[in-house]
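What follows is a set of notes on a single structure, which appears directly below.
Throughout, read-outs are computed from the coordinates displayed, never taken from laboratory work. Nothing here was measured: the structure is a model prediction, and the numbers come from that model. All Cβ positions, glycine included, derive from the backbone under ideal geometry; neighbour counts span all protein chains shown.
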Amino acid sequence: MNASEGYAPAIESILAAAREREGGDERVSVDARSLPAALSTADADGRVPVIAEIKPTSPTTDGRRDADPVALAEAMVEGGAAALSVLTEPAHFGGSPDALRDVRAAVDVPVLRKDFVLEEAQLDTVEADAVLLIVRFLDDLDGMIEAARERGFQPLVEVHTAAELDRALAAGAELVGVNNRDLARLDVDLSTFEQVAAEAPADVTLIAESGIGSSEDARRMRRAGADGLLVGSAIMDGDPEANTRRLTTAEVEA
């Protein structure tokens, strides 16, 4: 991880907290539900493949939502979500491993663990179907991908630039998330996905992340090649079931 990159203060604080967090007491072994298959099934059913995110708060949102994570998860699935993402970062996002554990036990769709995982031991915090690995913050990306797969996780490898995409592909990434948010400055630009996706091979599953707030945003990302959309705030703000349904039916309404 390049400590001299000059991240936004919020990101520096998140990373400092992540470096201090320990992993689990025992190595986990996961019988994962397939995230790519869930996205493909949603697409075949005529739904926009949405990964709906349970995110109580974040450095870029106001306030905090303390609703029951299981109730939120069930509402999102009822709204057509193909999969779920659960924040497990406690200090800045209000998440917890317990919330993910409870959600995964309550639903039958794949559940992604969303966190700033920096060390192999941190993979053993909680079982999930997929785990986020952020290229920008990992020196040993190859080793972390291998370690995740050894435990049964599907690694969702997050990139922001074409150079990071190249690094992810060289490390064997098959699930790639393109974050429209620049984690150095926290700016969001939907054209980021369009530019990076144009460089991706056809056999990679591409997830568009961040900044997707409307049906038109969803259609724009799908036109650019997104196999799935990871959406947090636009679903959490208001009625999660209705918001999820609005995005999963975006192509039907077009």
Practice task
Go ahead and estimate [θ] at 222 nm for the chain from helices alone: -39,500 (n - 2.57) per DSSP H run with n ≥ 4, summed, over the residue count, rounded to 500.
Solution key: -10500 deg cm²/dmol
Practice task
DSSP loop (so not H, G, I, E, B), at most 11 other Cβ within 10 Å: list which trypsin sites (Lys or Arg not before Pro) in segment 148-254 pass both filters.
Solution key: 185
Fill in the blank from the handout: Cβ-Cβ cut-off under 12 Å around residue 38, Lys and Arg +1, Asp and Glu -1: the net charge is -3
Exercise for the section: Report the semi-axes of the equivalent ellipsoid for the chain in whole Å, largest first, where each axis is √(5λ) for an eigenvalue λ of the Cα gyration tensor. Expected result: 24, 21, 19
Handout entry: Magnitude of the charge dipole, the chain, Cβ model with Lys/Arg +1 and Asp/Glu -1, debye to 20
Key = 460 debye
Problem - Loop trypsin sites (Lys or Arg not before Pro), segment 88-148 (other Cβ atoms within 10 Å of the site Cβ: 13 or fewer; DSSP) - result: none
Handout entry: Most to least packed among 29-35, 123-129 [average Cβ atoms within 10 Å]
Key = 123-129, 29-35
Practice task
Sort out for me the Cα centre separation of segment 179-254 from segment 28-70, rounded to whole Å.
Solution key: 13 Å
Completion exercise
Between residue 186 and residue 252, the two model label points (7 Å from Cα along the beta-carbon direction) sit apart by a distance in nm of 3.7 nm
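Contour minus end-to-end for residue 34 and residue 198, with contour as 0.36 nm per residue of separation and end-to-end as the Cα-Cα distance? Working shown, then result.
Working: separation 164, 0.36 × 164 = 59.04 nm, distance 2.48 nm.
Length gained, residue 34 through residue 198: 56.6 nm.
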Problem - In Hz, Karplus ³J(HN,Hα) per residue of segment 142-147 (6.51, -1.76, 1.60; θ = phi - 60°; x = Gly, Pro) - result: 4, x, 6, 4, 4, 4
Fill in the blank from the handout: Rounded to one decimal in nm, the spacing of the 7 Å Cα→Cβ label points at residue 98 and residue 150 is 3.1 nm
Problem - Two-site label geometry, residue 121 and residue 41: point separation in nm, points 7 Å out along Cα→Cβ - result: 3.7 nm
Exercise for the section: Let me have the relative contact order for segment 34-253, percent, based on Cα pairs under 8 Å that are six or more residues apart. Expected result: 22 percent
